[in-house]
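The structure appears right after this line, and notes come after that.
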Amino acid sequence: DTAVSQTPKYLVTQMGNDKSIKCEQNLGHDTMYWYKQDSKKFLKIMFSYNNKELIINETVPNRFSPKSPDKAHLNLHINSLELGDSAVYFCASSPAKNTEAFFGQGTRLTVV
Amino acid sequence: KQEVTQIPAALSVPEGENLVLNCSFTDSAIYNLQWFRQDPGKGLTSLLLIQSSQREQTSGRLNASLDKSSGRSTLYIAASQPGDSATYLCALISGGYNKLIFGAGTRLAVHP
């Protein structure tokens, strides 16, 4: 299926751990994103990449580090996890900058 | 700073009703506006995309309009069905910043 896919779907981990979330899109899109949906269900941009280059870093703590090995992948690595990092993280992609976005199913991260 | 507001926050209607979901924004300089649907515990499904030069888009029972001058978009759902129950999110790109700015959503329940 053509889609934006994220793994894992659920992630439960202890404070202080380091974890990664992977995202892949097979839509041939140039632009990829990470969004965070907090406990109040509000969605906010974290990072935006275009052709593997970072173009938006929306005041996200340095503990969050995106990595785009190629146009089809945008992974999110989080160091020293904190309770406040608990949220649903969504990966998305667009054909180009400022075009229609397609979202993955989300990764529910719970930090205990 | 662009802000997106969705009214109402929640809506409960009997099956078969036609309904309107509202989205307002503070800055009329937008690239495009996108309506999404989110089912509980799921990702976002793109419903309609309206480019800044367009006034409306239609897909099946859904019709979305855009009035930039008044800072408003509406999503019209005709002949609502229980399967339409979900949270509907309005999001837009403004200023060419390559990020979606989301409203808080309207939680819709359609009961038989």
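The values are calculated or read from the model by the stated rules, or taken from the named source; none is laboratory data. The structure presented is a predicted model; accordingly, all values stated were derived computationally and were not measured. Here Cβ is always computed from backbone atoms with ideal geometry, including for glycine, and neighbour counts include all displayed protein chains. SASA here: full protein model, heavy atoms, side chains in, ligands and nucleic acids out. Shrake-Rupley method; radii C 1.70, N 1.55, O 1.52, S 1.80 Å.
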State the antiparallel share, in %, of DSSP beta bridges confined to chain B, rounding to the nearest 5.
90 percent
Greater than 25 Å apart at Cα, pairs in B:LYS1/B:LYS42; A:LYS22/B:LYS99; A:LYS52/B:LYS99; A:LYS71/A:LYS97; A:LYS71/B:LYS1
B:LYS1/B:LYS42; A:LYS71/B:LYS1
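Need one value for B:99-108: mean number of C-beta atoms belonging to other chains within 10 Å of its residues' C-beta atoms.
Details: counts 13, 12, 3, 7, 2, 4, 4, 0, 1, 0.
The mean count of partner-chain Cβ atoms within 10 Å per residue comes to 5.
What's the buried accessible area, both sides, between B and A using a 1.4 Å probe, rounded to 100 Å²? Don't skip to the end; give the middle numbers.
Numbers: alone 5960 and 6500 Å², together 10750 Å².
Summing both sides, the interface buries roughly 1700 Å².
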For chain A, set up a GNM with springs between Cα atoms under 10 Å and report which of A:GLN14, A:GLN25, A:GLN37 has the largest fluctuation.
A:GLN14
Taking the alpha-carbon centroid of each part, what is the distance from region B:1-35 to region A:33-112 in angstrom?
24 Å
